[in-house]
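The values are calculated or read from the model by the stated rules, or taken from the named source; none is laboratory data. Small disclaimer: the values here were computed from a predicted structure and weren't measured. Here Cβ is always computed from backbone atoms with ideal geometry, including for glycine, and neighbour counts include all displayed protein chains.
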Amino acid sequence: MEKIVSLCKRRGFVYPSSEIYGGIGGFWDFGPLGVLMKNNIKQLWWKTMVEEKENIFGLDSTVIHHPKVWEASGHLASFTDPLRECKSCHKRFRADKLTREKCPECGGELTEVKQFNLMFETYVGPAKETANKAYLRPETCQGIFINFANVVDCMRPKLPFGIAQIGKGFRNEITTGDFIFRDREFEMMELEFFVRPGEDEKWHDYWIKERLKWHQEMGIKKDNLRLFEHPKESLAHYSKRTVDIEYKFPFGWAELEGIANRTDFDLKNHSKFSGKDLSFQDENGEKFYPFVIEPSIGVERIMLALLLDAYREEKNNKVTRVILSLNPKVSPIKVAVFPLLANKPDLIKLARRIYEDLRKDFMVAWDDRGNIGKRYFSQDEIGTPWCVTVDFQSLEDKTVTVRDRETTKQERMGIDKLKEFFENKLK
Ligand code: ATP
């Protein structure tokens, strides 16, 4: 983990937020490479969950909703974690994560367990009055439930169908840590898949399989993934059954994605609290509240798993090569272009032309510093799958070398073949 944290800082993936002021716990900024990687993850999720599916629609709702939403959803009453405070050093801990009765920091005595609500409060409008109190959403799915009737009216879907959303979530976590694993501000990718009651268990199993497949397609090793069935007594207030996809993090197996059967809890409660009928009428005129299956995952959490899973070191003659063996679709940079030597105008001219050309279709990097070996190493460390080098032969026969990150083998090919080659690789 320490190696990943340092690589992320050094190479521009992740910075502690407000670092010049000493940082702020649980908040992280994403640098030039981090933002590219996050965008790739979100795009790949959206492609599988929305674009490739006929019956799943996208949505982008606000972060702040009418405060009644959180009453209806049960979050005001139940979106809490158990909290204990040390009577000596006043540090606060999540009671369910404590392994002993004493303060883990100073050994002091702990208070009784209190329930702590994780929602951030804010005020809407110019007066800081209770009547104006609102909350930053701790999950994106309530925006989906409150727009359920809007989407049904516009799209006229048949069951089963889904509504998907990617957006920021905020949780005032009692303790953060483990780098970007548990944050106070993060991005969520959520699907609410509405099904006929009675078919919910079948669809739940379907989504568990689909999502597990997706993680493997993203490049995560099979052995580092497993399913965890939540025991009945620890289920969230809305859930009939929840299965987590867990990843083997360096600190142990932990939740990567939750897949919950939320039943008809949310639609029913929003109908009750808002007075608007959110039931669904099927093609036979039958009216009922659909059940909902929800795969929900944090972008930062899968990003951390992908980085950890891809990281490897190769030792050769006392030289260590650090490689991020990322799936090329996830890699921030797809291709790096180099002139063999930085002081030969002809090489630079041709290499720049190739670089400008490939940029139209791919995320491409340019590097003309140091020697070629160092440039390869530098790209390996950020997971760039291919490096193109323009050498003296290139000037004569319009060919270049393409070096593969995994094999380190170089292949010669025509400059006019490059675009097609990378397109095929990225398919
Ligand atoms: P935990 O019990 O670990 O606090 P949770 O069960 O409350 O988590 P969910 O409500 O199931 O988490 O959240 C769905 C997904 O959102 C998680 O699987 C995770 O990927 C992501 N997520 C939740 N909380 C955070 C957080 N604080 N930081 C980053 N990602 C998060």
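Odds and ends about this structure:
- Residue ID - farthest from the ligand (Cβ to nearest atom), chosen from residues in segment 123-137 that are closer than 18 Å to Met188 by Cβ and touching a Phe, Trp or Tyr at 6+ places or on another chain (Cβ under 6 Å): Tyr135
- Qualifying residue in segment 35-45 (condition: over 15 Å from the mean Cα position of the chain (by Cα), under 26 Å from Tyr206 (Cβ atoms) and not acidic (Asp, Glu)): no
- Against the list (1) more than 19 Å from Ser296 (Cβ to Cβ); (2) within 25 Å of the chain's Cα centre (by Cα); (3) without any contact (Cβ under 8 Å) to a residue 60 or more places away in the chain, the condition Cys86 fails is (2).
- Where Val319 falls short, out of the listed (1) of a type in the set (Val, Ile, Thr); (2) modelled with pLDDT of 95 or more; (3) farther than 29 Å from Gln216 by Cβ: (2)
- Ala164 fulfils the conditions (1) part of a helix (DSSP H, G or I); (2) under 17 Å from the mean Cα position of the chain (by Cα); (3) farther than 30 Å from Glu2 by Cα except for a single criterion, (1).
- Criterion violated by Ile174 - all others in (1) outside the structural domain of Met189 (by TED's automatic domain parsing); (2) surrounded by 14 or more Cβ atoms within 10 Å (Cβ to Cβ); (3) among the hydrophobic types (A, V, I, L, M, F, W, C); (4) modelled with pLDDT under 95 satisfied: (1)
- Answer residue from segment 169-210, given it is closer than 23 Å to Asn39 by Cβ and among the aromatic types (Phe, Trp, Tyr) and is farthest from the ligand (Cβ to nearest atom) among those: Phe179
- Which listed residue is closer than 15 Å to Lys334 by Cβ and outside the structural domain of Pro32 (by TED's automatic domain parsing), from Arg403, Arg412: Arg403
- Where strands (runs of 3 or more DSSP E) fall wholly inside segment 1-98, the ranges with 3 or more residues that are closer than 30 Å to Glu313 by Cα are 14-16, 28-30.
- Hey, Phe181 in contact (Cβ under 8 Å) with a residue 60 or more places away in the chain, crowded, with 17+ Cβ neighbours inside 10 Å and within 29 Å of Phe291 (Cα to Cα) or not: no
- Condition check for Phe116: surrounded by 15 or more Cβ atoms within 10 Å (Cβ to Cβ), among the aromatic types (Phe, Trp, Tyr) and either away from the ligand (no atom under 16 Å from the Cβ) or part of a loop (DSSP other than H, G, I, E, B) (or both): no
- Qualifying positions in segment 366-388 - surrounded by fewer than 21 Cβ atoms within 10 Å (Cβ to Cβ) and outside any helix (DSSP H, G or I): Trp366, Asp367, Asp368, Arg369, Gly370, Asn371
- The combined condition, being outside any helix (DSSP H, G or I), exposed (fewer than 15 other Cβ atoms within 10 Å of the Cβ) and not hydroxyl-bearing (Ser, Thr, Tyr), is not fulfilled by Glu356.
- Segment 225-258, residues that are surrounded by 15 or more Cβ atoms within 10 Å (Cβ to Cβ), in contact with a helix residue (DSSP H, G or I) (Cβ under 6 Å, 6 or more places away or on another chain) and either modelled with pLDDT under 95 or outside any strand (DSSP E or B) (or both): Tyr238
Yes or no, residue by residue, for (1) assigned by TED's automatic domain parsing to the domain that holds Cys154; (2) touching a Ser or Thr at 6+ places or on another chain (Cβ under 6 Å); (3) of a type in the set (Phe, Trp, Tyr); (4) modelled with pLDDT of 95 or more:
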{"residue": "Lys9", "(1), (2), (3), (4)": "yes, no, no, yes"}
{"residue": "Gly12", "(1), (2), (3), (4)": "yes, no, no, yes"}
{"residue": "Glu19", "(1), (2), (3), (4)": "yes, no, no, yes"}
{"residue": "Ile24", "(1), (2), (3), (4)": "yes, yes, no, yes"}
{"residue": "Phe30", "(1), (2), (3), (4)": "yes, no, yes, yes"}
{"residue": "Val35", "(1), (2), (3), (4)": "yes, no, no, yes"}
{"residue": "Ile41", "(1), (2), (3), (4)": "yes, no, no, yes"}
{"residue": "Glu51", "(1), (2), (3), (4)": "yes, no, no, yes"}
{"residue": "Asn55", "(1), (2), (3), (4)": "yes, no, no, yes"}
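- Flag for Asn261 being part of a loop (DSSP other than H, G, I, E, B) and either more than 12 Å from the ligand (Cβ to nearest atom) or touching a residue at least 12 places away in the same chain (Cβ under 8 Å) (or both): no
- Any hit, segment 140-160, residues being within 10 Å of the ligand (Cβ to nearest atom), part of a loop (DSSP other than H, G, I, E, B) and within 18 Å of Ser73 (Cα to Cα): yes
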